[in-house]
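The values are calculated or read from the model by the stated rules, or taken from the named source; none is laboratory data. These numbers come from a predicted model, not from an experiment. In this analysis, Cβ positions are derived from the backbone assuming ideal geometry, glycine residues included, and neighbour counts consider all displayed protein chains.
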Amino acid sequence: METSMTGEQMDQEWAALSVLGAEQREARMIERCTTVAALDDDARAAALSAMVRAEYSLPPAELPPFTLSRLRAWITIERTDRDLATRLARGYDTAFQTMPADMAMRRSSVVQGVARNDLSSDEIEMLFELIPSIVQQVPRIRQDSLTSRPHQPTPEPKSKPWWRFW
């Protein structure tokens, strides 16, 4: 893969990953992200902007699995090269500063939905380090807190006398 690709070519290649199976898509995303991270600052910013536009232009049924694969690819990258993963995540954040508001809202709802429904608590913890701006609203539940505290029932509200209507 050449590092002199234009944003449009990368845009098409990035979107084309949506038709792959999850494992193959994640592996290709890791390759692409590594290539993009090696670009100079301006080229990396242009490439990430084109990738963001491609991702968030996908049809609604394709976007959540695509985003899940991207987040897992970033987590995999983070385990071996934290600096690279952080550059990618910050680059995505920067690209979104110039995107239309509806695209930013779509990003927020999709990423939070994927995080809540498809990621483990360990994966969410890793994402808090990478992209705190987008996962702030995803609850961080520690597994030990779920088993150590018994459920406390909500107390019944005191009923008012029938003649007290206010």
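General observations
- Some residue of region 144-156 being at pLDDT below 85 and within 19 Å of Ala73 (Cβ to Cβ): no
- Thr94 polar (S, T, N, Q) and either within 16 Å of Glu123 (Cα to Cα) or buried (at least 20 other Cβ atoms within 10 Å of the Cβ) (or both): no
- Residues of region 99-122 satisfying the condition of being without any contact (Cβ under 8 Å) to a residue 24 or more places away in the chain and among the hydroxyl-bearing types (Ser, Thr, Tyr): Ser109, Ser120, Ser121
- Looking only at region 105-121, and only at residues there that are within 22 Å of Arg72 (Cβ to Cβ) and among the aliphatic types (A, V, I, L, M), the one that is nearest to the chain's Cα centre (by Cα): Val111
- From the list Ala101, Ala89, the lone residue that is modelled with pLDDT of 65 or more, loosely packed, with under 10 Cβ neighbours inside 10 Å, out of contact with any Ser or Thr (no Cβ under 8 Å at 6 or more places or on another chain) and of a type in the set (A, V, I, L, M, F, W, C) is Ala101.
- Positions within region 14-34 being closer than 11 Å to Leu88 by Cβ and β-branched (Val, Ile, Thr), in sequence order: Ile30, Thr34
- Within the option set Ala61, Ala38, being surrounded by fewer than 18 Cβ atoms within 10 Å (Cβ to Cβ), closer than 17 Å to Trp14 by Cα and at pLDDT below 90 holds for one residue only, Ala38.
- Within region 49-92, if we keep just the residues that are among the hydrophobic types (A, V, I, L, M, F, W, C) and not in a helix (DSSP H, G or I), the residue that is farthest from Leu17 (Cα to Cα) turns out to be Ala61.
- Each residue in region 25-49 was checked for being of a type in the set (Val, Ile, Thr) and within 14 Å of Ile75 (Cα to Cα), and 2 pass.
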